[in-house]
Amino acid sequence: MGSLIVLLILSYLVGAIPCGMLLTKLAGLGDIRNAGSGNIGATNVYRVGGRRLGIFTLILDALKGVLPVFIAVQIGFSPVEVALIAAATFLGHCYPVYLGFKGGKGVATGLGIYLVLSPLAVLIALLVFGAVLWRWRYVSLASISAAAVIPFLVLGIEGSFPLFLATLFIAAMVIVRHRGNIERLLDGSEIRFQA
């Protein structure tokens, strides 16, 4: 029990590392929260700092999700404990203590978590993401669509109810944190992705 509590705290702290903000500051672009959409995630970093910085942010934010969950699996924690570790990591990204609990939307960190829990589910969800992005050119809509399907993919492929609940929680949080994007999609003011 003690090791689980320690890992929950560490998982939150790892998830809370603001990779996008650190990278843009190191690149001399200032505080990413004062540019573009104001979000610290990969999409805003891409728009403000360019392709390479955006991709690097995506990779680092995903690795934040991979690392704690992978360690929990390797230690041999139960599915319930792994689900708790996944949730703690995700909450760290969305509500980072380092930034006054104002973080990103969780897409990349959720992706990293899902990669450990069910790689096949991620592959199918990425196909959904790519198809929606190709058709409508909205990263937000593609992210919401992939988030909506992945819990059910995890349940169908892995057959684990605790992992399903964890992925359902993460997916719901991703969608809720896109509420501003949803409003802009509905009124036609959302910015389309430019490759």
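If you go through the stretch 79-106, how many residues are more than 18 Å from VAL69 (Cα to Cα) and in contact with an Asp or Glu (Cβ under 9 Å, 6 or more places away or on another chain)?
Residues in the stretch 79-106 being more than 18 Å from VAL69 (Cα to Cα) and in contact with an Asp or Glu (Cβ under 9 Å, 6 or more places away or on another chain): 1 in total.
Would you mind stating whether VAL80 is open to solvent by 70 Å² or more (accessible area, probe 1.4 Å) and either touching a residue at least 60 places away in the same chain (Cβ under 8 Å) or of a type in the set (Asp, Glu) (or both)?
Values: open to solvent by 70 Å² or more (accessible area, probe 1.4 Å): yes; either touching a residue at least 60 places away in the same chain (Cβ under 8 Å) or of a type in the set (Asp, Glu) (or both): yes.
It is true that VAL80 is open to solvent by 70 Å² or more (accessible area, probe 1.4 Å) and either touching a residue at least 60 places away in the same chain (Cβ under 8 Å) or of a type in the set (Asp, Glu) (or both).
Table: residues versus (1) over 18 Å from VAL107 (Cα atoms); (2) touching a residue at least 60 places away in the same chain (Cβ under 8 Å); (3) open to solvent by 40 Å² or more (accessible area, probe 1.4 Å); (4) under 18 Å from the mean Cα position of the chain (by Cα).
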residue	(1), (2), (3), (4)
ILE5	yes, no, yes, no
CYS19	no, no, no, yes
ASP31	yes, no, no, no
GLY38	no, no, no, yes
ALA42	no, yes, no, yes
VAL45	no, no, no, yes
LEU53	no, no, no, yes
GLN74	yes, no, yes, no
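Condition (residue is in a helix (DSSP H, G or I), of a type outside the set (A, V, I, L, M, F, W, C) and crowded, with 21+ Cβ neighbours inside 10 Å) applied to the stretch 122-139: is it met by at least one residue?
Taking the stretch 122-139 first, the residues in a helix (DSSP H, G or I) are 122-136, 139.
Now narrow it down to the ones that are of a type outside the set (A, V, I, L, M, F, W, C): 130, 135.
Cutting the leftovers down to crowded, with 21+ Cβ neighbours inside 10 Å gives us none.
No.
Can you tell me which condition TYR95 does not meet? The list is (1) over 15 Å from the mean Cα position of the chain (by Cα); (2) open to solvent by 70 Å² or more (accessible area, probe 1.4 Å), and all the others hold.
(1) is the only condition that TYR95 fails.
Of SER140, SER189, SER145, which residue is in contact (Cβ under 8 Å) with a residue 24 or more places away in the chain and not acidic (Asp, Glu)? Break it down into steps so the answer makes sense when it comes.
Working: SER189 fails: in contact (Cβ under 8 Å) with a residue 24 or more places away in the chain; SER145 fails: in contact (Cβ under 8 Å) with a residue 24 or more places away in the chain.
Among SER140, SER189, SER145, only SER140 is in contact (Cβ under 8 Å) with a residue 24 or more places away in the chain and not acidic (Asp, Glu).
Considering only the stretch 107-153, state which residues are among the hydroxyl-bearing types (Ser, Thr, Tyr) and over 24 Å from LEU67 (Cα atoms). Spell out the reasoning first.
As a first pass, look at the stretch 107-153 and keep what is among the hydroxyl-bearing types (Ser, Thr, Tyr): 109, 114, 118, 138, 140, 143, 145.
Passing the criteria: TYR138, SER140, SER145.
Is it the case, given these coordinates, that PHE101 is free of Cβ contacts under 8 Å to residues at least 60 places away in the same chain and surrounded by fewer than 24 Cβ atoms within 10 Å (Cβ to Cβ)? Spell out the reasoning first.
On the way: free of Cβ contacts under 8 Å to residues at least 60 places away in the same chain: yes; surrounded by fewer than 24 Cβ atoms within 10 Å (Cβ to Cβ): yes.
Judged against the criteria, PHE101 is a match.
The values are calculated or read from the model by the stated rules, or taken from the named source; none is laboratory data. Every value quoted in this text rests on a predicted model; they were computed, and no experiment measured them. Note: ideal-geometry Cβ built from the backbone for every residue, glycine included; neighbour counts use all protein chains shown. Ligands, DNA and RNA are excluded from the accessible area calculation, which covers all protein heavy atoms including side chains. Shrake-Rupley method; radii C 1.70, N 1.55, O 1.52, S 1.80 Å.
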